[in-house]
1. Gly172: net charge of surrounding residues, Cβ under 12 Å, Lys/Arg +1, Asp/Glu -1, itself excluded?
2. List the GluC sites (Glu not before Pro) within region 134-220 that fall in a DSSP loop (any state other than H, G, I, E or B) and whose Cβ has at most 14 other Cβ atoms within 10 Å.
3. Between Rg and the Kirkwood Rh of region 100-220, both from Cα atoms, what is the Rg to Rh ratio?
4. So what's the net charge close to Leu158: Lys and Arg +1, Asp and Glu -1, counting the other residues with Cβ under 14 Å from its Cβ?
5. Over the Cα atoms of the chain, compute the convex hull volume and normalise it per residue, giving Å³.
6. Considering only DSSP states other than H, G, I, E and B, which trypsin sites (Lys or Arg not before Pro) in region 144-215 qualify as loop sites with at most 12 other Cβ atoms within 10 Å?
7. I'd like the distance between the alpha-carbon centres of region 100-116 and region 140-162, rounded to an integer number of Å.
8. Report for region 79-220 the percent antiparallel among DSSP-assigned beta bridges with both residues inside it, nearest 5.
Amino acid sequence: MAFSRRTELPHRGRLVTELGAPADKVFALRQVHSRDIVVLDNQPPQNLAATEADGMLTLRQDVLLTVTVADCLPIVLVDARGGAFGIVHSGWKGTGIAAEAVRVMQERFGSRPRDIAVTIGPGIGTCCYRVPAERAEHFEVAFGPGTVVHGADGTPRLDLRAANVRLLEEAGVESISIASACTCCTPGLASFRRQGAAHFTLMLAYVGGAELPRAEAAVP
């Protein structure tokens, strides 16, 4: 998984050029905070640009899959044995999409959960993710104890990472790596909550197949 804050045009095009990925091999979706996943076969990028979903999976080794984030979690899944890989965008509304991706990888590609390595990228942490009590109660009922914590002021805070780890482990995933950085309190990262609706930036998270050039993350 790699990241860049160059999501605005022409920055996104420049990033793709730096990665050496042809424009017709770069895929993005219209993200809507869902648990919906697209399986990429031979569709061209323009066919998916208006598709409402929050995750992509594929066996194709010549493509770059991308999602944008600004407090939500970018999560990458790779089956090294079978070759399938994908990326999902997981906010509080879409929590569970990573486990759904594991299910689809099993069903469509024959992946075994124990062979799937998952990386959870930077997102808002419990230090900053204060939410109303009603939302916290709903989240904890849905995803179990430990997915909501309380700060010193008693305000409930969601733990998106804990919820995803619980669901992935229940799905049989054994290899889970977690980036601990909180986007909200790390100035170098994009955050809707910190920057505000009128001025927030986005980060681009991406994962590519073995046939694409390997490159480090681009920086602003």
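Every number here is computed from the coordinates shown, using simple stated rules; none is lab data. For clarity, every value in this text was computed on a predicted model and none was experimentally measured. Cβ sites come from the backbone with ideal geometry, for glycine too, and all protein chains shown count toward neighbours.
1. Net charge in that neighbourhood comes out at -1.
2. Glu174, Glu211, Glu216
3. Ratio value, two decimals: 1.01.
4. +2
5. Enclosed volume per residue, from the Cα hull, is 119 Å³.
6. Passing sites in region 144-215 are Arg214.
7. 28
8. Roughly 50 percent of the DSSP beta bridges within region 79-220 come out antiparallel.
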